[in-house]
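The values are calculated or read from the model by the stated rules, or taken from the named source; none is laboratory data. Predicted model only: the values in this text are computed from it and were never measured. Backbone-built Cβ (ideal geometry, glycine too); neighbour counts: all protein chains shown.
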Amino acid sequence: MARGAASARDRSILHVDLDAFFVAVERVRDPSLVGRPVVVGGPPERRGVVAAASYEARAYGIRSAMPMAQAQRLCPDLVRVDGSHRLYGRASRAVFALLGAYTPIVEKVSVDEAYLDLSGTGLLFPRAVDAAERMRREVRERLRLDLTVGVARNRLVSKVASAFAKPQGLFEVRPGQEARFLAPLPVQRLPGIGPVTTRRLLDFRIPRLGVLAATESWFLEEVFGEHGPAMQRRARGEDDTPVRPPWEPHEARTIGHEETFAQDTEDHGFLRAKLHELLAAAARRLRAQGLLARKISVRLRYADFVSESRDTTLPVATDHDGELLAPALELLHRMATRRTLVRLLGVRLGGLSRGYWQGSLLDPRRARERRLVAALDGIRDRHGMSAVRAGETVWLRRPSGRRPAPA
Amino acid sequence: MKFLIDRTAFRDALQRVEMAIDRKPSRPELGGVLVEAVNDHLIVVASDLDIAVRYRLDQVQIEEPGWALVPGRELVDVFRDIEADAVSLALTDKGQFEIHGGEDHCFLVSMENSSQGALEPERFPEVPALAGEADVTLEKDVFMQMVNSTRFATSRVHETRFATEGVLFEVQDGEATMVGTDGRRLAVIRRSAVRGEGRRRAVLLPKMLDQIVRFGQDEPADLIEVFFLNNRVGFRIGNLESFGRVLEGEFPNYGNVIPQGGKHVVRAHREAMSRKLKLASHLTQDAAAVVRIAVSPDAMEISAEHEGRGRAASKIEVDYTGSGLTAAFNPVYLLDGLRAAHAEQVELQMEEPTRPAKMVLGEDYEYVVMPLSTFA
């Protein structure tokens, strides 16, 4: 979506990323750390893990999330620093305050990473790379931190460009050159392509984004479903996700729970009870976030991997299990028509909105039920989900997962 | 039929019946206005099956009695623009309704007519005569106040379970009650009737009440007479008679809804509370407006937050000595109540944040609002 007058063609998006941010901040505090292999993280005695590693430490093969003990084995001279997240927060705010002078449209995605939309600031900086260069200089001179910037026509390519330019770099992908830039890169460099997808792509001899971009889209659709063609568009460097400043609320996501059964089943009683349980868990998360749901979808996967899903929209948004359960059961009822064992059941709540629930004066039953739900949530917070169960779900606790035989 | 009449007087009469002219008539007659010239007065009637209005004009010079049913919209429009002070209206030999004033000359087709004088339209809906003594009589101003105090709370959409699109009108042994509710708020007002024995009850169409409030005020009469007919209710104020279909369906048992006072009783200045509510409601989510009311001794804080736009909070001084309590409301509901309040000082009674709150907006005038709740 283009913002204001800037059409998709002349958007100018920056992805900025602070290099080895935690380590860099520690080095500002203690310059003696400069040039040495440094990690931030807890001590090995307390089973600490690496939260951040300097480029010198990375040269030893040390990576984030690695156990500290292992990191110290890899590099005996390693300097370990306890993290100070308050300090990192302050440093991060100082950086983004500087960047905010270039454009109000800044979407901070983490403490050390953000997207900036510079579209329409052409009078200040005719070329976005010049603005990016000045940002890097300012951050370096004023805060002594290094910034890597990727410049492109959209978010996706700017992110890949900054990863490409790291560390201490600046890389611009000129408009129209997106596909050419991405083509030689391995598929896993594209955000959204994880290890599982990568493996499948490699199975099909698709190692590079250029190959993915050129593959027949019907084939991708066959293999990856609706994600296939979308993935291909991204591999061609097409993306129109807007940069969302903090005052624009994020589009509502969905909240879902699903479960693959230890043993495939065709017991409808079991499925109904499972649905009840999954829905209760999803609704509880919904309530904890102060959201209301308007849509429910129920998904089944059969033993032969055929999947089926149905959804429905409620007349009014709610966060109450009782009001979600009946339509969910109805969906399940309409769906489970094949005489095949079921291996997975899932429920998903969508159409989420932040909101309050308007009770009715004329239907006090609903208000009473809500007070009950609130009380149940309280009990479950203290004693766990299974502390209180709906009658229907009780026999789910039996190890066989089968309905007890009548005596 | 032939008569001479003052243009403004006839135009005003048409305005009074205008709301009852069917805009999309299922039968052409329902879009018509019945004009009847009796010996010394003129009667104008319109009816769209939901409501009907009959208006009597005494300042008229009848030359020949008779009646005609003419296209309503066109008649109203023509009279809005005709320029002469006095207008003569007549049924021609060809059965046309002739309007002649100064240089203006219009002919409307007559859908049904009689030059003989006897009123016997065939297809126009029958509008009952309000004869004999009324079932209930109220002071006109009292009736208007009752409507204005309850009508706003009615449901705007058709509810399947209850007939809450209408206003409940109940009379029992001289005491009249009106109730309006949409299920989320409820307004109830009680007043004494001038006359009215026994028990009468009907759910009234808001459209009819609107017509009465709008035009009944101008009638030089102090009383309103109410006639409970079969499936209709008729009202008479001076020369104006309004009829409305009685809404079928059950009306909620409002007595159960009204809380019997609350632990927390806050007295606030109506105008001050309104102003702060308006301020806070500028920062509420468009679709689901929420304001939070927090009371503490001598203070009420009204705050709102729009995710991504900002927040607002402001305080007013109130008369309150209880413990702290916070509840969330739809600001529109609170503002509606305050706007309708009769007194400068209103009372807000709350039990707990999830239970209905009651506002006392005047003498024998209560307003119950269901708060908004969240689990987070």
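Of the residues B:A268, B:A272, B:A304, which is more than 13 Å from every other protein chain (Cβ to nearest Cβ) and surrounded by 22 or more Cβ atoms within 10 Å (Cβ to Cβ)? Answer to the selection: B:A268. Of all residues in the range B:226-266, those being more than 24 Å from B:D141 (Cβ to Cβ) and assigned to a loop (DSSP other than H, G, I, E, B) number 17.
Of B:V76, B:V33, B:V38, all but one fail to be within 31 Å of the chain's Cα centre (by Cα) and under 15 Å from B:P125 (Cβ atoms); the exception is B:V33. Looking at the range B:42-62, I want the residues that are outside the structural domain of B:R16 (by TED's automatic domain parsing) and have a partner that is crowded, with 17+ Cβ neighbours inside 10 Å with Cβ atoms under 9 Å, at least 6 apart or on another chain. Which pairs are those? Pairs that qualify, where the first residue is outside the structural domain of B:R16 (by TED's automatic domain parsing) and the partner is crowded, with 17+ Cβ neighbours inside 10 Å: there are none.
Looking only at residues in the range A:341-379 that are away from chain B (no Cβ under 12 Å) and touching a helix residue (DSSP H, G or I) at 6+ places or on another chain (Cβ under 6 Å), the one that is farthest from A:Q289 (Cα to Cα) is A:L345.
The residues listed here are A:V106, A:V187; of these, the one that is at pLDDT below 95, of a type in the set (A, V, I, L, M) and under 26 Å from A:H85 (Cα atoms) is A:V106. Note on the range A:111-127: among residues that are in a loop (DSSP other than H, G, I, E, B) and aliphatic (A, V, I, L, M), the one that is surrounded by the most Cβ atoms within 10 Å (Cβ to Cβ) is A:L118.
Screening the range A:302-340 for residues that are in contact with a helix residue (DSSP H, G or I) (Cβ under 9 Å, 6 or more places away or on another chain) and within 14 Å of chain B (Cβ to nearest Cβ) and picking the one that is farthest from A:A282 (Cα to Cα) gives A:V316.
Condition check for B:G337 on (1) over 30 Å from B:D141 (Cα atoms); (2) within 14 Å of chain A (Cβ to nearest Cβ): one failure, at (1). Just to check your reading of the model, which residue among B:R355, B:R311 is at negative phi, of a type outside the set (S, T, N, Q), within 14 Å of chain A (Cβ to nearest Cβ) and touching an Asp or Glu at 6+ places or on another chain (Cβ under 6 Å)? Step by step, each of B:R355, B:R311 is checked, and only B:R311 is at negative phi, of a type outside the set (S, T, N, Q), within 14 Å of chain A (Cβ to nearest Cβ) and touching an Asp or Glu at 6+ places or on another chain (Cβ under 6 Å).
Looking only at residues of the range B:14-70 that are assigned to a loop (DSSP other than H, G, I, E, B) and among the β-branched types (V, I, T), we find that the one that is nearest to B:M208 (Cα to Cα) is B:I21.
Only one of the numbered conditions (1) farther than 26 Å from B:E351 by Cβ; (2) without any contact (Cβ under 8 Å) to a residue 12 or more places away in the chain is not met by B:N253, and that is (1). When the range A:277-301 is filtered for residues that are within 14 Å of chain B (Cβ to nearest Cβ) and either of a type in the set (A, V, I, L, M) or in contact with a Lys or Arg (Cβ under 9 Å, 6 or more places away or on another chain) (or both), the ones remaining, listed by number, are A:A280, A:A282, A:A283, A:R284, A:L286, A:A288, A:Q289, A:G290, A:L291, A:L292, A:A293. Tell me, please, whether a residue that is in contact (Cβ under 8 Å) with a residue 24 or more places away in the chain, aliphatic (A, V, I, L, M) and under 30 Å from B:T284 (Cβ atoms) can be found in the range A:259-277. No - not one qualifying residue is present in the range A:259-277.
Residues in the range B:130-142 that are touching a Lys or Arg at 6+ places or on another chain (Cβ under 9 Å) and either assigned to a helix (DSSP H, G or I) or under 15 Å from B:F228 (Cα atoms) (or both): B:L130, B:E133, B:A134, B:D135, B:V136, B:T137, B:L138, B:V142.
Of the helices (runs of 4 or more DSSP H) lying entirely inside the range A:5-87, those containing at least 2 residues that are small (G, A, S) and over 30 Å from A:S119 (Cβ atoms) span A:68-74.
Residues of the range A:147-168 that are of a type in the set (G, A, S), within 14 Å of A:A179 (Cα to Cα) and in contact with a helix residue (DSSP H, G or I) (Cβ under 8 Å, 6 or more places away or on another chain): A:A152, A:A161.
Of all positions in the range B:320-336, none carries a residue that is more than 21 Å from A:G290 (Cα to Cα), part of a loop (DSSP other than H, G, I, E, B), among the hydrophobic types (A, V, I, L, M, F, W, C) and touching a residue at least 24 places away in the same chain (Cβ under 8 Å). Out of the residues in the range B:358-376 meeting the condition of being free of Cβ contacts under 8 Å to residues at least 60 places away in the same chain, under 17 Å from B:V291 (Cα atoms) and assigned to a strand (DSSP E or B), tell me which one is farthest from the other protein chains (Cβ to nearest Cβ). By that ranking, first place goes to B:M359.
Return yes or no: is B:V17 surrounded by 15 or more Cβ atoms within 10 Å (Cβ to Cβ), in contact with a helix residue (DSSP H, G or I) (Cβ under 7 Å, 6 or more places away or on another chain) and hydrophobic (A, V, I, L, M, F, W, C)? So B:V17 fails the test. Taking the criterion of being of a type in the set (G, A, S), closer than 16 Å to A:L143 by Cβ and free of Cβ contacts under 8 Å to residues at least 24 places away in the same chain, the residues of the range A:85-113 that qualify are A:G89, A:A97, A:G100, A:A101. Candidates in the range B:178-228 are the residues that are exposed (fewer than 14 other Cβ atoms within 10 Å of the Cβ) and not small (G, A, S); of these, the one that is farthest from the other protein chains (Cβ to nearest Cβ) is B:P220. Restricting attention to the range A:190-216, the residues that are in contact with a strand residue (DSSP E or B) (Cβ under 9 Å, 6 or more places away or on another chain) and in contact (Cβ under 8 Å) with a residue 24 or more places away in the chain add up to 2.
Could we say that B:V142 is assigned by TED's automatic domain parsing to the domain that holds B:S242 and of a type outside the set (D, E) here? Criteria met by B:V142.
One line per residue, one yes/no per condition, for (1) acidic (D, E); (2) over 11 Å from the mean Cα position of the chain (by Cα); (3) not in a loop (DSSP other than H, G, I, E, B):
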{"site": "B:M144", "(1), (2), (3)": "no, no, yes"}
{"site": "B:V147", "(1), (2), (3)": "no, no, yes"}
{"site": "B:H158", "(1), (2), (3)": "no, yes, no"}
{"site": "B:E165", "(1), (2), (3)": "yes, yes, no"}
{"site": "B:R191", "(1), (2), (3)": "no, yes, yes"}
{"site": "B:Q211", "(1), (2), (3)": "no, no, yes"}
